[in-house]
């Protein structure tokens, strides 16, 4: 070891300790977080419903001889045997029923209590969606706590099985049919002293689900023609794989295929015609060649206009069918009167890696939960195994009734590339439908073969414009998702379903003061080892509400470096006018044209750390800060990062493709 490294070694050890201490200071246990959250929400609030009487029935007491006719309280609370209802939580339950007189049945959220350390510690919450009719058919997602208005539900026929779980499941399926829904008390009302074990997905419950279908007049078998609309251009090989997999791996045969080509080359066009000529005569296949600028929405709408089927299935040309009953299962849900769009689970080709398992709406926009997770594992109460109601599904594989598609106006053609499928789903939700993802169906998706990645300044600007347009069309949905609990992480794209103790921007956001770098940046500092992402850059009011409100400017993102010890560096954001170089300020017109440095307190980002599991010291990758609205001159700025070694003079910098507009 040379003298320089010997002298630096104590400093680097101190820096590593500081790094670890900062991680520890920003790590919040669910137990502590939820107690603080509940205290803040409940303190000083006046509860209604204190006059309502409550009777408590343990699940194990709901055997074949049980009868609700014997209960005489206003409310009957049913609870799992792994815990006991507590007074404060039951006060919240009574308050909910008092404030929602139309609700006859309601369920709450739950968690577990760990007593292994002596002091009870809460953990592993099951934070449930709002009313989800198809999720309830998948399994008993009400879990271990629900309640009914006794008088309104007294005459519901009791199944009388020896299996109390089957009795409870059947009772709830019948109870929700009275009003067509159940209420959700979105607070943790029950604490289990044993692990939470969902039930209802097993085969033994199929008979009561079938009876529910019959009572509701829902069809038991798939029927009707499906028009499979495939937009494609200059991908004859990929298209051939898609089409042949449909023909060879589909048990449901009542379909037609419509390929919309917006301008393939003559050579590729001939290859597609050759493929068409080799199809069996009974295969309904139409090839529509109509050169036009790429507009995914217009291409899909053209195909839907020509469709002869009862159902439209939008399908990317890079989808490969690997499950024979995929159409049967999609139709089973698409046929239901309350269902809008139906999607499936998509995997990256030749792997068990999840690409799509439903769209969740968070502050950052529409998000693919469970992306890049291994589908051989079970996630968040079987989220990747069953059929769930969701706010949106991807247009890579989306089925909807043709009449419903037309009533919604099809895909919005103003959204040419991105978010058009999401906008359709949000539109359907606004029309009163629920959208469904069948995570019991898996297909391969050779993602982004049809178009490039959104990684240039121009493409990112277009992406942001279309995201803004999405929420201009659906302002009430910004940052909200009825199928994703308010206590789950909303401010970053956490792949799994974690409670908000992992990350909340309100606990991380620093105030910073930009400073001009009059000497600019030296060329030798530029280094491609930096990897960066900007999740939001703009008005803080827009981040919080979806609308610009003249607030401070807010930036959230992340950055890490390859081939170096990440713990040894200070972070700075960089901002520069988009048309300037990186040299000294005087070369670019003084302070108004300067490069600006914004000091950053590094934030703990467990989501990034998990995604970079092969790398060391990448926990403090986060940036979350705000600065005064008039701290920078007006203009459009490119965003980058500057790293400074805490123990030497080394500096590293790199620019992202993200920009932000500063307006006073």
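If only residues of the range 92-112 that are in contact with a helix residue (DSSP H, G or I) (Cβ under 9 Å, 6 or more places away or on another chain) and surrounded by 14 or more Cβ atoms within 10 Å (Cβ to Cβ) are counted, the one that is farthest from residue 207 (Cα to Cα) is 92.
What do you reckon, is residue 325 touching a helix residue (DSSP H, G or I) at 6+ places or on another chain (Cβ under 6 Å), more than 30 Å from residue 269 (Cβ to Cβ), assigned by TED's automatic domain parsing to the domain that holds residue 236 and touching a residue at least 40 places away in the same chain (Cβ under 8 Å)?
Here the answer is no, as residue 325 does not meet what is asked.
Considering every residue within the range 156-165, establish whether at least one is part of a helix (DSSP H, G or I) and either modelled with pLDDT of 95 or more or out of contact with any strand residue (DSSP E or B) (no Cβ under 8 Å at 6 or more places or on another chain) (or both). Yes, because at least one residue in the range 156-165 is part of a helix (DSSP H, G or I) and either modelled with pLDDT of 95 or more or out of contact with any strand residue (DSSP E or B) (no Cβ under 8 Å at 6 or more places or on another chain) (or both).
Looking at the structure I just gave you, is residue 230 in a strand (DSSP E or B), outside the structural domain of residue 87 (by TED's automatic domain parsing) and at pLDDT 95 or above? Lay out the reasoning, then the answer.
On the way: in a strand (DSSP E or B): yes; outside the structural domain of residue 87 (by TED's automatic domain parsing): yes; at pLDDT 95 or above: yes.
So residue 230 fits the description; yes.
Against the definition (assigned by TED's automatic domain parsing to the domain that holds residue 446 and within 20 Å of residue 247 (Cα to Cα)), how does residue 314 come out, yes or no?
Working: assigned by TED's automatic domain parsing to the domain that holds residue 446: yes; within 20 Å of residue 247 (Cα to Cα): yes.
Yes.
Picking from residues in the range 493-511 that are assigned to a loop (DSSP other than H, G, I, E, B) and touching a strand residue (DSSP E or B) at 6+ places or on another chain (Cβ under 7 Å), the one that is nearest to residue 423 (Cα to Cα) is 493.
Return yes when residue 177 is surrounded by fewer than 18 Cβ atoms within 10 Å (Cβ to Cβ) and more than 12 Å from residue 104 (Cα to Cα) and no when it is not. Judged against the criteria, residue 177 is not a match. Summed over the range 166-200, residues that are touching a helix residue (DSSP H, G or I) at 6+ places or on another chain (Cβ under 6 Å) and at positive phi total 1. Would you point out which residue out of 207, 163 is assigned by TED's automatic domain parsing to the domain that holds residue 87, without any contact (Cβ under 8 Å) to a residue 24 or more places away in the chain, on the phi < 0 side of the Ramachandran plot and surrounded by fewer than 18 Cβ atoms within 10 Å (Cβ to Cβ)? After applying the criteria, what remains is 207. Among the residues of the range 542-556, write down those that are touching a residue at least 40 places away in the same chain (Cβ under 8 Å) and over 14 Å from residue 365 (Cα atoms). 550, 551, 552, 553, 554, 555, listed by residue number.
Would you mind stating whether residue 617 is crowded, with 17+ Cβ neighbours inside 10 Å, in contact (Cβ under 8 Å) with a residue 40 or more places away in the chain and on the phi > 0 side of the Ramachandran plot? So residue 617 passes the test. Residues that are surrounded by 22 or more Cβ atoms within 10 Å (Cβ to Cβ) and more than 18 Å from the chain's Cα centre (by Cα) within the range 413-433 comprise just one, 415. For the range 222-251, taking the residues that are under 30 Å from the mean Cα position of the chain (by Cα) and within 21 Å of residue 403 (Cα to Cα), the one that is surrounded by the fewest Cβ atoms within 10 Å (Cβ to Cβ) is identified as 222. All conditions in (1) touching a helix residue (DSSP H, G or I) at 6+ places or on another chain (Cβ under 7 Å); (2) under 18 Å from residue 652 (Cβ atoms); (3) at pLDDT below 90 hold for residue 583, with the sole exception of (1). Checked against the criteria, residue 563 counts as in the same structural domain as residue 529 (by TED's automatic domain parsing), at pLDDT below 95 and either surrounded by fewer than 17 Cβ atoms within 10 Å (Cβ to Cβ) or part of a strand (DSSP E or B) (or both).
Being out of contact with any strand residue (DSSP E or B) (no Cβ under 7 Å at 6 or more places or on another chain) and either under 30 Å from residue 556 (Cα atoms) or buried (at least 17 other Cβ atoms within 10 Å of the Cβ) (or both) holds for only one residue in 364, 274, 313, 336, and it is 336.
The values are calculated or read from the model by the stated rules, or taken from the named source; none is laboratory data. Not measured: the values here are computed from a predicted model. For neighbour counting, all protein chains shown are included, and Cβ atoms are generated from backbone atoms with ideal geometry for every residue, glycine included.
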